[in-house]
Amino acid sequence: MRQPVVWITVLIVVGLMVILTMGVLRMPKAALKTFPADNGSNFIDVSNYPSEMQERYKLFARKCSRCHTLARPVNSVFLGEAWRKYVYKMMKKPGAGLTPKVADEIIEFLIYDSQARKKGNNQ
Ligand code: HEC
């Protein structure tokens with residue numbers, strides 16, 4: 001008579017284990033490692049930027065925080081054209097969800113921002 005209860009319990013436990021395992025496997029690798037930049041500020045004050053740059057900032061904030069903190073690119077040491085090379089590198093990572101068109105818009109923002117913040121090395 002207690003048999004169905006046992007089976008249902010086993011099914012629930014196995015189901016939960018499968019869901020948990022899939023969650024861990026799908027977690028991007030970058031999330032497992034931390035960089036010093038991850039502990040810095042995780043936003044850029046774009047209130048003085050031109051409106052099209054503010055739009056690109058939103059794109060950047062959404063796309064570049066999928067695998068790691070947004071703080072990582074915000075506090076990184078790349079300037080100007082070096083961003084282009086780096087964003088293309090990110091685009092090639094599996095599951096990046098970045099098309100060349102989107103990447104180019106983000107690069108324009110990052111280059112503008114690296115000049116606008118004028119802090120020498122963005123830190
Ligand atoms: C598919 C996952 C993924 C996405 C999306 C992604 N990154 Fe990364 N990022 C990584 C990984 C993994 C690392 C760790 C270093 C490596 O493996 O190259 C990293 C590291 C970085 C670093 C640190 C480099 C350093 O040495 O200081 C910066 C900066 C960076 N990413 C910027 C970006 C930007 C900008 C975007 C959005 C265009 C982006 N990332 C989107 C996976 C991703």
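The values are calculated or read from the model by the stated rules, or taken from the named source; none is laboratory data. It should be emphasised that the depicted structure is a prediction, and the values quoted were computed from it without experimental measurement. Cβ atoms come from the backbone with ideal geometry, glycine included; neighbour counts cover every protein chain shown.
Would you please list the contacts, defined by Cβ atoms under 7 Å and residues six or more apart or on different chains, that run from a residue in the range 76-91 that is without any contact (Cβ under 8 Å) to a residue 12 or more places away in the chain to a residue that is within 7 Å of the ligand (Cβ to nearest atom) and hydrophobic (A, V, I, L, M, F, W, C)?
Partner pairs satisfying both residue conditions: TYR86/PHE78.
Looking only at residues in the range 14-73 that are of a type in the set (Val, Ile, Thr) and modelled with pLDDT under 90, which one is nearest to MET91 (Cα to Cα)? Working first, answer last.
Filtering the range 14-73 for residues of a type in the set (Val, Ile, Thr) gives 14, 18-19, 21, 24, 34, 44, 46, 69.
Retained after the next criterion (residues that are modelled with pLDDT under 90): 18-19, 21, 24, 34.
Numbers: VAL18: 30, ILE19: 28, THR21: 26, VAL24: 22, THR34: 20 Å.
For the range 14-73, the residue satisfying everything is THR34.
In the range 29-66, which residues are within 6 Å of the ligand (Cβ to nearest atom) and surrounded by fewer than 18 Cβ atoms within 10 Å (Cβ to Cβ)?
Scanning the range 29-66 gives LYS29, ALA30, PHE35, ARG66.
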